Amino acid sequence: MANILTKYRGFWICLVLALITTAVFYRVYTYDFDPNMLNSLGVTLGQQGKLDEAVKYLAQAVQIDPDFADAHTNLGFALTFQGRLDEAAAHLSEALRLDPNSALAHYHLGRILAQQGKIDEAIAHFKQAVQIDPNDANARNSLNLALSEKQKLQSTENTKK
């Protein structure tokens with residue numbers, strides 16, 4: 001057996017290299033077309049603060065699978081950090097169209113609406129997020145802040161009258 005390995009050493013090296021090349025090519029090729037992988041990569045890059053790259057991969061995931069609600073949510077979240085609120089809101093709205101029970105999408109859309117001064121709409125989304133996930137402290141806190149802001153606005157309006 002050792003004789004065969006020695007005699008055909010070059011062949012075995014070429015075979016192993018061919019198998020490695022094939023495996024790497026397959027991994028790269030499927031990676032570029034797997035929306036789940038692209039979504040995961042986008043989320044990881046976003047967590048590392050690499051927002052441009054995150055948006056690129058999340059947008060690819062959505063392009064490949066337009067019905068991928070989580071990718072729309074994650075893309076909307078990343079776009080929010082880039083200050084692209086209208087685009088973010090569009091993706092979060094699409095995520096909610098695809099999955100109306102996404103507490104995360106309701107929460108992030110509520111945050112955008114609150115930033116835009118659309119307090120009543122923000123409150124509605126925060127309430128949905130809390131109803132879907134009563135343990136979501138961020139949604140609860142945001143709801144309380146939005147209700148407080150609404151109360152302040154109403155007090156200011158009443159004072160002006």
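The values are calculated or read from the model by the stated rules, or taken from the named source; none is laboratory data. Small disclaimer: the values here were computed from a predicted structure and weren't measured. Methodologically, a virtual Cβ is constructed for each residue, glycine included, from the backbone with ideal geometry; neighbour enumeration extends over all protein chains shown. In case anyone asks, the SASA skips ligands and DNA or RNA and just uses the protein heavy atoms, side chains included. Shrake-Rupley method; radii C 1.70, N 1.55, O 1.52, S 1.80 Å.
With (1) open to solvent by 90 Å² or more (accessible area, probe 1.4 Å); (2) modelled with pLDDT under 95; (3) not acidic (Asp, Glu) as the list, and Thr156 as the residue in question, which single condition is left unmet?
(1)
In region 113-139, what residues are farther than 20 Å from Ala89 by Cα and surrounded by 15 or more Cβ atoms within 10 Å (Cβ to Cβ)?
Taking region 113-139 and keeping what is farther than 20 Å from Ala89 by Cα, we get 131, 133-137.
Passing the criteria: Asp133, Asp136.
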